[in-house]
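So the structure is just underneath, and the comments pick up after that.
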Amino acid sequence: MNAQPIVERLRAAGMPRVGKVGAFVLISEQPLNYLPACFVVPERQQPDAPRAITGRYDQLIRADFLIYLIVGGERLESDAIDRDYDRYSALAVDCLAGWVHPDAEGRPTEFTSAELLSLRGRELGWGIGFRTYRRLTKPVVSGD
């Protein structure tokens, strides 16, 4: 799944800081003094059985991903944290549910879940799950 269109859509909708999985992996190395932030994190890919098309390999793949929203940080005002959580969790759902990813062949993105992922120190991590689709097609290659 290409995460860049998701990142661009969230940024255009007003999400202040958006990163992909590489930035998410590095956050444990750096202090999070730039919250709120969210990261597009691939979760799983589930392929359907391939379709039999003469000379072609054709398979639909469901691609699940999380928007990992982190709020809190150095700001200790609970009202500000509550506002960030409410605003940005709703923004992610409003922005992505029903949107058609460029690789999804016309299928709208589905909102699948929302759950607490972490609560440590001054930070709350909230996972907002989505599903999109892509199709894997290529010529069938014969073995020698």
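FYI, it's all coordinate maths here, none of it is from the lab. All figures in this text were calculated on a predicted structure; none of them were measured in a lab. Cβ sites come from the backbone with ideal geometry, for glycine too, and all protein chains shown count toward neighbours.
Looking at (1) within 25 Å of Glu8 (Cα to Cα); (2) more than 13 Å from the chain's Cα centre (by Cα); (3) surrounded by fewer than 16 Cβ atoms within 10 Å (Cβ to Cβ); (4) not hydrophobic (A, V, I, L, M, F, W, C), find the lone condition where Arg44 falls short.
Unmet condition: (2).
Of the residues that sit in the stretch 65-111 and are under 18 Å from the mean Cα position of the chain (by Cα), aliphatic (A, V, I, L, M) and surrounded by fewer than 16 Cβ atoms within 10 Å (Cβ to Cβ), which one is farthest from Thr137 (Cα to Cα)?
Going through the qualifying residues, I end up with Ala90.
How many residues does the stretch 43-96 contain that are touching a strand residue (DSSP E or B) at 6+ places or on another chain (Cβ under 7 Å) and free of Cβ contacts under 8 Å to residues at least 24 places away in the same chain?
Start the filter on the stretch 43-96 by keeping residues that are touching a strand residue (DSSP E or B) at 6+ places or on another chain (Cβ under 7 Å), which leaves 43-48, 50-51, 55-73, 81, 84-85, 88-89, 92-93, 96.
Filter once more, so that each one left must be free of Cβ contacts under 8 Å to residues at least 24 places away in the same chain: 44, 46, 48, 50-51.
The qualifying residues number 5.
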